[in-house]
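Read-outs: derived from the displayed coordinates by stated rules, not from any lab. Predicted model, so just to flag it, every value in this text is computed and none were measured. Glycine gets a Cβ as well: all are built from the backbone with ideal geometry, and neighbour counts include every protein chain shown.
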There are 2 protein chains.
Amino acid sequence: MQYKDYSKEQLFEELGTLKNSFEEIKAMGLKLNMARGVPSPDQLKLSLPMLDILYREADCTAEDGTDCRNYGVMDGIPECKRLMADLMGVTPDMVMIGGNSSLNMMFDTISCFMNKPAEPGTPPWGLVPERKFLCPVPGYDRHFGVTGYFDFEMIPVPMDENGPVMDVVEELVKDPSVKGMWCVPKYSNPSGITYSDEVVRRIAALKPAAKDFRLMWDNAYCIHDLVEDGDSLLNIFEECEKTGNIDMPIEFCSTSKITFPGSGVAAMAASENNMKVIKNKYKYQTIGYDKLNMLRHVRFFGDIDGMKEHMKKHAAVLKPRFDIVTDKLGEKLEDYGIVWYNHPRGGYFVSVNVMDGTAKRVVELCKEAGVNLTGAGATYPLGNDPYDSNIRIAPSFPSLEDLDKAMDVFCICARLAAVEKLTA
Amino acid sequence: MQYKDYSKEQLFEELGTLKNSFEEIKAMGLKLNMARGVPSPDQLKLSLPMLDILYREADCTAEDGTDCRNYGVMDGIPECKRLMADLMGVTPDMVMIGGNSSLNMMFDTISCFMNKPAEPGTPPWGLVPERKFLCPVPGYDRHFGVTGYFDFEMIPVPMDENGPVMDVVEELVKDPSVKGMWCVPKYSNPSGITYSDEVVRRIAALKPAAKDFRLMWDNAYCIHDLVEDGDSLLNIFEECEKTGNIDMPIEFCSTSKITFPGSGVAAMAASENNMKVIKNKYKYQTIGYDKLNMLRHVRFFGDIDGMKEHMKKHAAVLKPRFDIVTDKLGEKLEDYGIVWYNHPRGGYFVSVNVMDGTAKRVVELCKEAGVNLTGAGATYPLGNDPYDSNIRIAPSFPSLEDLDKAMDVFCICARLAAVEKLTA
């Protein structure tokens with residue numbers, strides 16, 4: 001029976017029961033973390049052979065003869081550009097290889113356009129007083145952090161099971177001070193959905209009032225399938241080519257969740273015009289990023305097929321974890337009518353909506369019981385979830401046993417917070 | 001006899017002889033590069049054991065238990081902060097570890113202050129229309145590239161054998177739109193000189209009109225001695241502490257010329273106030289830089305003493321190269337009175353002044369004869385050497401044999417350009 005159908009008495013009885021259960025789990029003294037999309041030690045082990053794959057002089061030479069131990073090659077060695085181009089479905093000439101973090105490349109891209117025009121004839125964004133950025137919600141808190149840092153007004157755009165609601169986006173881009181939109185188009189963080197073909201086509205067909213409107217196309221989970229037949233996503237550059245919008249998308253990816261987070265290789269892809277502006281920054285910013293690490297990655301994977309094989313090993317570690325989360329939510333919460341969640345086919349998160357007005361309280365209760373979750377509201381710009389309902393669960397890091405315990409805690413807390421509210 | 005004492009006839013005879021010599025060296029078909037301060041393969045070999053120093057899970061754990069393969073630790077692992085702090089002569093809490101490039105950290109620092117106030121209550125530099133930066137000359141072209149990119153007017157400040165001429169600096173900082181100064185205080189690029197104690201003290205005692213005046217203290221060659229008893233440099237933070245100017249200096253260094261250029265570790269040090277502004281940027285820009293590479297460095301060196309020992313091996317490779325350059329200049333040019341050069345005790349360059357008005361021509365002639373030098377004027381902001389006299393020679397990369405040939409070419413070209421000018 002759903003809580004909404006409980007009588008007052010039944011609710012108060014339930015409150016008492018849940019308070020007891022909560023005290024019991026608190027007494028267990030757990031210390032579990034489901035706050036961020038962090039690979040588990042079992043996943044990190046998969047890439048250990050990469051660590052000593054280079055060890056003698058001959059191993060350090062790129063295919064074009066570049067000594068990767070030395071200076072040079074601003075946009076990356078050819079074989080790494082090829083690998084990352086294949087990952088993004090673009091040509092190597094569209095690719096720039098960065099350091100260890102695609103977030104860093106995204107920050108630097110926004111920073112670049114703050115100081116220099118993204119499009120000839122437009123002012124740099126730093127000189128646009130009321131600059132705005134579209135933020136599909138729920139979304140990735142670190143994206144919102146970047147545009148927040150640069151003082152953009154962030155406009156939340158609702159998401160449905162197909163991606164951002166395009167009627168809303170098409171309306172908003174009529175404002176010339178709207179300079180771009182954050183997108184995680186595949187296995188979106190946190191909702192796990194992949195943009196439908198229609199959504200990608202409507203994005204590509206946008207006619208923004210701002211000539212310098214840019215899509216921050218963060219393809220962070222492009223080959224991060226949990227199942228055999230993963231989602232497929234239309235190629236944004238191909239679609240934008242058709243609509244004459246080739247300068248709109250800038251794509252980002254990295255191997256952070258493929259090899260080692262923090263010691264991976266990041267890359268971006270963009271049109272010739274965009275690359276001109278972006279490389280004119282990089283040529284002053286760096287002599288070139290870590291070519292030895294690029295080479296390690298290429299030697300380890302061989303090519304994109306090798307990388308795809310490697311991702312199956314990650315899936316084998318991750319899938320049982322995701323199953324625990326969705327199974328527990330189904331078994332222990334669904335009957336009460338207080339939870340809505342997705343069954344992601346890839347990515348790193350399960351996005352859970354608990355009863356409106358209780359997300360903060362659920363996170364607080366979990367913390368009290370030793371289970372650390374992403375802060376409620378983190379998936380909204382400035383941490384402001386208008387319904388106080390969305391919680392992002394990151395199941396990758398804990399062991400299966402710990403995850404099982406953590407989800408029990410979560411379910412008790414979600415029920416307790418709901419009943420507290422209904423009896424208040 | 002000096003060229004200035006030659007008769008017209010003697011000069012024309014010399015011109016003929018030199019033209020013949022030039023054709024002879026051209027016929028040799030050389031392809032040599034002395035353009036940039038790039039370590040030679042012999043130097044890169046010294047750090048090869050670092051490549052496979054991490055190879056199993058246990059090797060990836062930092063002293064505080066951090067798994068360096070995973071996300072986290074924005075400002076660097078403790079043992080790496082300690083190592084780089086010792087390198088700069090500061091405490092670890094003043095240090096932030098970056099990616100593979102101190103140039104990148106310098107660019108990011110200027111970029112940060114372009115968008116956010118360096119000092120509370122001042123406008124970000126991007127909003128200062130006539131912003132200026134002091135550039136001791138000759139200096140490092142990539143420094144000037146950064147402030148040029150951000151549209152600073154770059155004011156050249158003359159250098160003498162003690163550093164920037166401080167009478168000039170003290171006058172210039174009375175202008176509130178002067179926001180900072182580039183400094184390579186030890187084995188300066190390219191002049192090789194180390195700032196004298198008096199110069200460092202006068203820098204520390206500056207009273208700039210701009211409250212947000214910042215020293216970009218690029219200590220790139222802090223332990224890069226060529227001789228046993230290297231130069232010593234006063235500690236800028238200690239001096240600035242005494243004068244109440246602790247927020248003025250921001251120090252940078254890297255292991256690019258200690259281990260692998262492009263795959264080293266960069267670091268910066270600054271006061272608490274500066275770090276607050278800078279880390280408030282980094283916290284949105286990155287989750288943290290490459291901790292595995294930090295760990296490789298610490299494991300390889302142990303501590304600062306290990307790093308110093310390692311630098312002796314570099315010196316053993318480099319010193320003979322520097323000797324060839326200065327010996328050749330002495331033997332083959334000094335008599336003609338057309339060359340002034342330094343005898344650096346460390347760093348990566350020999351700064352040569354050829355006869356006024358001939359530097360561009362010398363570089364051009366060398367190029368024609370197959371010897372690639374740094375572009376003439378590169379050591380001045382916007383490439384503008386008012387005397388067309390300074391040439392930066394980078395002797396590190398070529399083999400001893402090649403360097404010997406390259407310097408013969410250089411000396412012929414310097415003489416030819418001088419005599420061409422005197423007979424024009």
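Below, the figures for the structure above:
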{"read-out": "The protein assembly as shown: Cα Rg divided by the 2.2 N^0.38 Å rule of thumb", "value": "1.05"}
{"read-out": "Point-to-point label distance, residue A:15-residue B:9, nm (Cα→Cβ direction, 7 Å offset)", "value": "11.8 nm"}
{"read-out": "Where the Cα pairs of chain B fall when distances are cut into 10 Å bins, in %", "value": "4, 21, 29, 24, 15, 6, 1, 0"}
{"read-out": "Extended-chain gain in nm, criterion 0.36 nm per residue less alpha-carbon gap, residue A:243 and residue A:201", "value": "14.2 nm"}
{"read-out": "Degrees between helix A:400-423 axis and first principal axis of chain A (Cα, 0 to 90, nearest 10)", "value": "60 degrees"}
{"read-out": "Radius 13 Å from Cβ of residue A:182, net charge of other residues (Lys, Arg +1; Asp, Glu -1)", "value": "+1"}
{"read-out": "The range A:220-317: GluC sites (Glu not before Pro) in DSSP coil with no more than 10 other Cβ atoms inside 10 Å", "value": "A:228"}
{"read-out": "Stretch gain in nm, segment residue A:387-residue A:165, where the contour uses 0.36 nm per residue and the Cα spacing is subtracted", "value": "78.1 nm"}
{"read-out": "Viscosity 0.890 mPa s, 25 °C: Kirkwood-radius Stokes-Einstein D of the range B:341-388 over Cα pairs, µm²/s", "value": "211 µm²/s"}
{"read-out": "Computed helical MRE - 222 nm, the protein assembly as shown, DSSP H runs ≥ 4 contributing -39500 (n - 2.57), nearest 500", "value": "-12500 deg cm²/dmol"}
{"read-out": "Of A:283/B:281; A:179/A:276; B:8/B:328; A:276/B:360; B:31/B:332, pairs whose Cα-Cα distance is over 24 Å", "value": "B:8/B:328; A:276/B:360"}
{"read-out": "Mean projected area (nm²) of the alpha-carbon convex hull when the range B:179-298 is viewed from all directions", "value": "8.9 nm²"}
{"read-out": "Span from the the range B:15-78 Cα centroid across to the the range A:303-372 one, whole angstrom", "value": "45 Å"}
{"read-out": "0 to 90° range, to nearest 10: angle between helix A:304-333 axis and chain A longest Cα axis", "value": "20 degrees"}
{"read-out": "Low-density loop positions, GluC sites (Glu not before Pro), the range A:126-195 - DSSP coil, at most 14 other Cβ in 10 Å", "value": "A:130, A:161"}
{"read-out": "Ellipsoid equivalent to the range A:61-302 - semi-axes via the Cα gyration tensor, in Å", "value": "28, 21, 15"}
{"read-out": "Rounded to 5, percent antiparallel among DSSP beta bridges of the protein assembly as shown", "value": "50 percent"}
{"read-out": "Nearest-ten-degree value, helix A:102-115 long axis tilted from longest Cα axis of chain A", "value": "70 degrees"}
{"read-out": "Highest-fluctuation residue, B:109, B:255, B:17 considered, GNM on chain B with Cα pairs under 10 Å", "value": "B:17"}
